[in-house]
1. Residue check: is residue B:76 away from ligand 2 (no atom under 13 Å from the Cβ), under 21 Å from the mean Cα position of the chain (by Cα) and either within 14 Å of chain C (Cβ to nearest Cβ) or crowded, with 18+ Cβ neighbours inside 10 Å (or both)?
2. Which residues, counting only those in the range C:404-457, are part of a loop (DSSP other than H, G, I, E, B), aromatic (Phe, Trp, Tyr) and within 8 Å of chain A (Cβ to nearest Cβ)?
3. Mind listing whichever residues of the range C:147-200 are surrounded by 22 or more Cβ atoms within 10 Å (Cβ to Cβ) and of a type in the set (Asp, Glu)?
4. In the range B:59-74, is there at least one residue being among the basic types (Lys, Arg) and more than 9 Å from ligand 1 (Cβ to nearest atom)?
5. At least 2 residues that are within 16 Å of ligand 2 (Cβ to nearest atom) and either facing another protein chain (nearest Cβ under 8 Å) or under 24 Å from residue C:260 (Cα atoms) (or both) in each: list the strands (runs of 3 or more DSSP E) lying fully within the range C:339-398 that qualify.
6. The conditions are (1) hydrophobic (A, V, I, L, M, F, W, C); (2) within 13 Å of another protein chain (Cβ to nearest Cβ); (3) surrounded by 18 or more Cβ atoms within 10 Å (Cβ to Cβ), and residue A:222 fails exactly one of them. Which is it?
7. Among the numbered conditions (1) more than 7 Å from every other protein chain (Cβ to nearest Cβ); (2) farther than 19 Å from residue C:454 by Cβ; (3) crowded, with 22+ Cβ neighbours inside 10 Å, tell me where residue A:113 comes up short.
Amino acid sequence: MEGLIENWIGRVADAASAGRSLAIRGGGSKAFYACPEQGEVLEVSGHRGIVAYEPTELVVTARAGTPLRELAAALAEKGQWLPFEPPHFGASATVGGMFAAGLSGPRRQAVGALRDYVLGVKVLNGSGEVLSFGGQVMKNVAGYDVARLFAGSLGTLGVVLEVSLKVLPLPVAEKSLRFSIDEAAALGKLNAWGGRPLPISASAWHQGVLTLRLSGAAAAVAAAQRHLGGEELAAGLATAFWESLREQTYAFFAGDAPLWRLSLPSVAPPQPLPGSTLIEWGGAQRWLREGDGRAIRVAAARAGGHATLFRADHALKASEGVFQPLPAPLLRIHRQLKRAFDPQGVFNRGRMYPGL
Amino acid sequence: MQTNLADFIKDTPAGREADAILRSCVHCGFCTATCPTFQLLGDELDGPRGRIYLIKEMLEGQAVSQTTQLHLDRCLSCRACETTCPSGVRYHRLLEIGREVMEERVPRPLVVRATRFLLCEALPRRWIFRPAVAIGQLMRPLLPAALAEKVPLAAGGAARPWPRRAGHKRRMIALAGCVQPILTPNTNAATARVLDRLGIELIEAPAANCCGALRYHLHAQEKALDDMRQVIDAWWPDVESGRVEGFVMTASGCGEHVREYGKLLKDDPAYADKAARIAAMTRDACEVLAAEQEPLAALLRQAGADSGERVAFHSPCTLQHAQKIRGVVEALLTAAGYRLAPVADPHLCCGSAGTYSISQPVLAGQLRDNKLAAMNAASPALLVTANIGCQTHLQSGSKVPVRHWIELIDERLNVGA
Amino acid sequence: MSIESSVADRRFTVDRQALIASLRAVLPEQALLVEEEEMRPYECDGLTAYRQLPLIVALPADEAQVQAIVKVCHALKVPVVARGAATGLSGGATPHRDGVVVSLAKLKKIISVDPVSRTAVVQPGVRNLSVSEAAAPYALYYAPDPSSQIACTIGGNVAENAGGVHCLKYGLTVHNVMRVRGLTIDGEIVEFGNAALDAPGYDLLALMNGSEGLLAVITEVTVRLTPKPELAQVVIASFGDVRQAGDAVAGIIAAGIIPAGLEMMDRKAIHAVEPYVNAGYDMDAAAILLCESDGTPEEVAEEIGRMTAVLEQSGASGIRVSQDEAERLRFWAGRKAAFPAVGRMTPDYLCMDGTIPRKRLAEMLDAINRLSEKYALRCANVFHAGDGNLHPLIMYDANQPGELDRALAFGAAILELSVKFGGTITGEHGVGIEKVDVMAEQFSLAEIAAFHRLKAAFDEHGLLNPGKGVPTLARCREYTLARVGSATSPRS
Ligand code: SF4
Ligand code: SF4
């Protein structure tokens, strides 16, 4: 392992002195996401393995190249998991890729996002230094929260070597319910339920059907089901449904049409945008197929959120930009932060924003 | 907190007491959250922790000016900070010591001294105060609004007669007081009627005038002690003869003060013991009633009527913070069938605070208006409190009548009578 | 104060008169305090061991005034120290000798409470507890509840990433804040986060949480509100032995339970609190655990049953369950008043804040007891046991020569141990000025240098809260050198 990192340090130094960019690559399962890779590939999936896992501490530390499946299996064995349900997007997904993409699955509305479970990281920066931030304990405010800054930074600040994450026990009971309801009414219901102590752990609305998942203690799930009504989904079907949403294998996501992700306040009304829509996270995450990029970005901003061109070909990504443009002062801070960790601009150049 | 008191005070009794209090404060800042003046002004110097610091600096020999004076003057002495303080800091004592030192250090302008002198001489004397109020009330419609507000309105219900002496075995004394008999004569009368129903005769000792609180808080310590001695002289024969079982306070401001008699007169050999004895025999009217819970409940049942009338209660600082009596009046009113309207921030002072409404009119007005807004939030039919100062101060800004709670109990008991 | 401190450095050359004139030009008269007499009470926060008179104190009343102050300070290269309720225990709001203290206490408007989106928008000077009070009519509350919640402000909570007694289940400030609006040091208005669940670009919102006033001045915060659980109950378990209590904590987590709160107090802490709060704590216990369960009544009953079983197995000598909401609040009131209540036993205390893996709780307590003997200072222990976050309260008397230095050495020894046990020097109180030197215990020079570069990305000239949070590289080297000479006390 040490040899591996030594080798990378050398490559970083070479790239830095030559002014080249390195494209960090783990399992490659999320290569489709964000702006296209540039430069020579730095293959990092060899740095793998669970470093420490103590179920009673609720903490796991894994090397970035560890396959996500392997981690999930190790946790499941002890009745625990990563509650934010990170999408794998392929069998080759790694812990590092999950961390760098920063994506969360259906349960995000109830339990928080990946960044909320990050406790610490070990990274390799653009000057070839191995640095640790955060730690393996639940609470830690020593120094700036660099670990969370790296989460979702798409490898633009450095190579993630190791991640420490908070884990939780698996829910005891789960049930999924279906309701026939139109978009506006579904949004209304989701927000009203959100204000009540109900064990709703996921929601999805598409084409007039709202699916809810309840998770928690058996008694709480049963009580909520009595209260909410709806039609119960068979357990096997339900599991498959939520997994297909998480992995975007659900029919809505099929085909080559561009996929937009709108991150909006949950209370935002139905958006007057053409194209088919699927709503998750209690109204806070809305997927859209097709549409005019500019109109989508304007609508998202007006509603108080932002839009990401989640899946598209390179040409469309280049013309629309993948992520919502940043206001000038924030863009300036981004550039300076990039320089603070990667002064020569070695890592994942342009993967998030052009010039970053 | 670390302290280093200056030589001028270090080895005096006051200095030692102040040092102990200062050192019990850990500067956590919890108290600032519940301080009325900090809430209005948002300056550390206008909160308890800042005032403690200002006093500490002064006692450590730092130069003081009108600045310290201003911020100490703005303190209401409401003692909300003491209720909040987890460290048991006796703030009011520190403030008293601090104010005394400050009076020596920082001279006051002549007008201020003159006003204080007038307040000091007039308020505690019924024979001056009564005509002054009468004239003020007559003139009220003619006065500009700002001034008119300052003339106390006759608050509370019309005075109904005291009960005819029924020769009960149990007997208690009520403090006649200085301003109360003039402004709200029904308060003691109502107390007498309620106690009469409970088999307790209430009497007043005419020679007991002002309890001394007014002048004490105007830094006329000696005059205040004289007021106190006068009260003790008026009461003592009845204590000695065993004719009365205790003293009933219908104004929590007076009650707080009488309960401190023992401490305040501890250095006067002629009065120390008597003062302590009287202080120990003193109760707020609500405590007296609470002790008669069962007979009172029976009487209320007898009276029958349960109006469900909505009332908002303001617990005076002297009741909830100084005497630490909480929830007792509320329970009595509920037992008598009144519905208590919720009042936000019940710990906050109404701004009356002795003569504060005269010395700090702007802050007092803001506090009063905030308190009235909080009390009226649920549109109660009546506002109720437990101290004459709060009652008149609140009434000066309120169209809704402000009453003493005992009047409400009295009315309920007399429904069927 | 004799401690040589990082807020008295002479890096900045400030013309005080020119600064006053420039500030007077943009602020109302009463918004500036310039006399020593009126600035003294601002010379420290909840950590009174460090005191420093500021150059000037400013009391702005709105964002525009804050912006005007920051712009003047930026133009004249004057340090800016933001201050909320100054309840912090690490000296995060200790003034700088050449700086302006900007008190945000007057920015205390609750701008909106929206029950539908379950958010509240508040100014930084709004008290933590008043957010929950404002949300209460909608059966919502703001989850992070630091012990000082009655007084501490949301701005300060964000700056410190404050925790509380319920954060094992409900998270820290960083998990409950959606948007922070503030000013960069050049006076530009910036917004981190938004009303949605995420924002494009780097997670600057996370970075703001716990940044101790070193990156921006906060002027507005959007917080997430949480539905009040139908029912909450607390179990108090007494233990005759501290070790058993430590084991019970690990046992509860091992049973797959995430309690809403899991707190531990040792005998000294119990004895400080009980006479004042009358919470009903067992005065004979060596330690007590407070375990809270919340949810639907069925859920709570089930969980309380499981927790009670674990507690009994771990050797609890007594178990009580709160019977109503008033009793539950009383059980918690003791815990929340614990720090200042220790003030009844001692004129001064230092509150430590290390976090360690839970399984080492008992070992740590033993070590603290030994250190207590070594330094001849008493120590009460209050732990967020569920998070492994320790708050040893070291009692000393600042009026006794040498006691403060002993207390500081005692504290430093505890922090070293925290790092050695695989934990951190601060779980929730922040580094501030208090632990700035000990940072070198936890981070390498390269990591410290990375922090400095990060800071410079926001604040090139280092004007925001200088001397706090991250030690200069020179101080790190000194610290490391001094440590070589002494095994236990970095200060000796
Ligand atoms: S007595 Fe009242 S006004 Fe004075 S400091 Fe205490 S809380 Fe504030
Ligand atoms: S609450 Fe008590 S200990 Fe804390 S600052 Fe106020 S007076 Fe001092």
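1. Values: away from ligand 2 (no atom under 13 Å from the Cβ): yes; under 21 Å from the mean Cα position of the chain (by Cα): yes; either within 14 Å of chain C (Cβ to nearest Cβ) or crowded, with 18+ Cβ neighbours inside 10 Å (or both): yes.
Spelling it out, residue B:76 is indeed away from ligand 2 (no atom under 13 Å from the Cβ), under 21 Å from the mean Cα position of the chain (by Cα) and either within 14 Å of chain C (Cβ to nearest Cβ) or crowded, with 18+ Cβ neighbours inside 10 Å (or both).
2. First pass over the range C:404-457, keeping only residues part of a loop (DSSP other than H, G, I, E, B): C:421-423, C:425-438, C:443-444.
Next, from what is left, pick out any that are aromatic (Phe, Trp, Tyr): C:421, C:443.
Within the range C:404-457, C:443 is the sole residue that qualifies.
3. Hits for the range C:147-200 are C:160, C:198.
4. If we filter the range B:59-74 for residues that are among the basic types (Lys, Arg), which is where we start, we get B:74.
The next check asks that each one be more than 9 Å from ligand 1 (Cβ to nearest atom); those that pass are none.
Scanning the range B:59-74, I find no residue that is among the basic types (Lys, Arg) and more than 9 Å from ligand 1 (Cβ to nearest atom), so the answer is no.
5. On the way: elements: C:348-351, C:379-384, C:389-396.
Result: C:348-351.
6. It fails just one condition, (3).
7. That leaves (1) as the condition not met.
Listed here are the residues, each with its yes/no results for (1) under 30 Å from residue C:192 (Cβ atoms); (2) among the small types (Gly, Ala, Ser); (3) surrounded by fewer than 20 Cβ atoms within 10 Å (Cβ to Cβ); (4) away from chain A (no Cβ under 14 Å).
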site	(1), (2), (3), (4)
C:239	no, no, no, yes
C:260	yes, yes, no, no
C:271	no, no, yes, yes
C:274	no, no, yes, yes
C:279	no, yes, no, yes
C:285	no, yes, no, yes
C:298	no, no, yes, no
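The values are calculated or read from the model by the stated rules, or taken from the named source; none is laboratory data. Just so we're clear, the structure is a prediction, and the values are computed from it rather than from any experiment. Cβ sites come from the backbone with ideal geometry, for glycine too, and all protein chains shown count toward neighbours.
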